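What follows is a set of notes on a single structure, which appears directly below.
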Amino acid sequence: MKQTRRAAVSTGSTSTESSADLLGRLFGELFGLVVGGRPARHQRRLELLRDRLLRVGNADRPHVVGDLRAAEESQRRPDPFERDGSDLCPVVFLGERQQEVLRRFTACAEGAAKATGTKLTVTVNENAGYENMVFSTPLADRWTHHMRSLGVQVFEARDDERVGSTDMGNVMQVLPAIHPYIAISQESIPGHSIAFREAVRGQEAHENALVAAKALALTAIDVLADPDVLRRARAEFEERRAGGIVKGRS
């Protein structure tokens, strides 16, 4: 008996399924293709996913701002000093540029310990710091293309722009990756604030997140469906590794 294989990608949704739920389900199907291996053998399923993603929700959101490729030397360093309130003061060591700050901090802490008659222990953990984020140009170009095709305005990060503290830089040191940022409001809002909390609960932030997630999924499909995208991303990464910009796998 001849068996017919049917693609497991849905091309429709129920009327009660929200855009966020549908997008999550499509992400799950996309992830299944990735972990299943040999995604290039499933071109039809990838095309069905691409088509369905493009029809999720209303993508006409010209006010979304994507913060994309930071300069290779961009710094997103956290405060390197974490104190636990005792006489043991652990310090996270973040690299050569922080050595002078570390020396000064240690000197201040030693002075305070001497003045108060307490014991000071400084512990340096060289593997716990946040590495520089180095965006993959081929992947960033694809994400930018999809964001703009969805009616979104995209800007590149300035060399001196602060983009927060994240361990995504550690990932970027061993493989090509991107870490885009999106706007949640047309107004400038400080992070980790009550205003930020209220903004992320709003409709604008929700819609912008859906558009950005859609662009991210479409970028993943590009990597799976077009071998040239991955080839260029790997070639750029190896060039940067040779130049000491990224570390690569040990």
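Regarding ILE221, is this residue touching a residue at least 60 places away in the same chain (Cβ under 8 Å), more than 24 Å from GLY169 (Cβ to Cβ) and surrounded by 16 or more Cβ atoms within 10 Å (Cβ to Cβ)?
yes
Could you list, in sequence order, all residues of the stretch 206-218 that are crowded, with 19+ Cβ neighbours inside 10 Å and touching a strand residue (DSSP E or B) at 6+ places or on another chain (Cβ under 9 Å)?
ASN208, VAL211, ALA212, ALA215
Take the stretch 106-152 and flag every residue that is of a type in the set (Asp, Glu), within 30 Å of VAL211 (Cα to Cα) and either at pLDDT below 90 or not assigned by TED's automatic domain parsing to the domain that holds ALA213 (or both).
Selection gives GLU131 alone.
When the residues of the stretch 174-183 are narrowed to those that are buried (at least 18 other Cβ atoms within 10 Å of the Cβ) and of a type in the set (A, V, I, L, M, F, W, C), which ends up nearest to the chain's Cα centre (by Cα)?
Out of the qualifying residues, it is ILE178.
Would a scan of the stretch 184-192 turn up a residue that is exposed (fewer than 12 other Cβ atoms within 10 Å of the Cβ), assigned by TED's automatic domain parsing to the domain that holds LEU48, modelled with pLDDT of 95 or more and over 19 Å from MET133 (Cβ atoms)?
Checked the stretch 184-192: no residue is exposed (fewer than 12 other Cβ atoms within 10 Å of the Cβ), assigned by TED's automatic domain parsing to the domain that holds LEU48, modelled with pLDDT of 95 or more and over 19 Å from MET133 (Cβ atoms).
Can you tell me which residue is nearest to the chain's Cα centre (by Cα) among those in the stretch 102-129 that are β-branched (Val, Ile, Thr) and assigned to a helix (DSSP H, G or I)?
Among those that are β-branched (Val, Ile, Thr) and assigned to a helix (DSSP H, G or I), it is THR106.
Quick test of your reading of the structure: ARG201 fulfils all but one of (1) under 26 Å from SER18 (Cα atoms); (2) basic (Lys, Arg); (3) surrounded by 13 or more Cβ atoms within 10 Å (Cβ to Cβ). Name the failing condition by number.
All conditions are met except number (3).
State whether the residues of the stretch 225-233 include one that is part of a helix (DSSP H, G or I), under 27 Å from ALA20 (Cα atoms), over 19 Å from the mean Cα position of the chain (by Cα) and in the same structural domain as GLU29 (by TED's automatic domain parsing).
Looking through the stretch 225-233, at least one residue is part of a helix (DSSP H, G or I), under 27 Å from ALA20 (Cα atoms), over 19 Å from the mean Cα position of the chain (by Cα) and in the same structural domain as GLU29 (by TED's automatic domain parsing).
Suppose we filter ARG240, ARG231, ARG249 for residues that are charged (D, E, K, R), surrounded by 13 or more Cβ atoms within 10 Å (Cβ to Cβ) and farther than 22 Å from VAL56 by Cβ; which single one remains?
ARG240
Just to check your reading of the model, which residue among ARG38, ARG83, ARG52, ARG103 is modelled with pLDDT of 50 or more and farther than 28 Å from THR219 by Cα?
ARG103
Could you count how many residues in the stretch 130-161 are over 14 Å from the mean Cα position of the chain (by Cα), surrounded by 15 or more Cβ atoms within 10 Å (Cβ to Cβ) and hydrophobic (A, V, I, L, M, F, W, C)?
Number satisfying all stated conditions: 4.
Give the residues of the stretch 161-220 that are hydrophobic (A, V, I, L, M, F, W, C) and in a loop (DSSP other than H, G, I, E, B), sorted by residue number.
VAL163, VAL174, LEU175, ALA177, ILE178, ALA183, ILE184, ILE189
The values are calculated or read from the model by the stated rules, or taken from the named source; none is laboratory data. Treat the numbers as computed from the prediction; the structure is a model and nothing was measured. Neighbour counts are summed over all protein chains in view; Cβ atoms, including those assigned to glycine, are modelled from backbone coordinates with ideal geometry.
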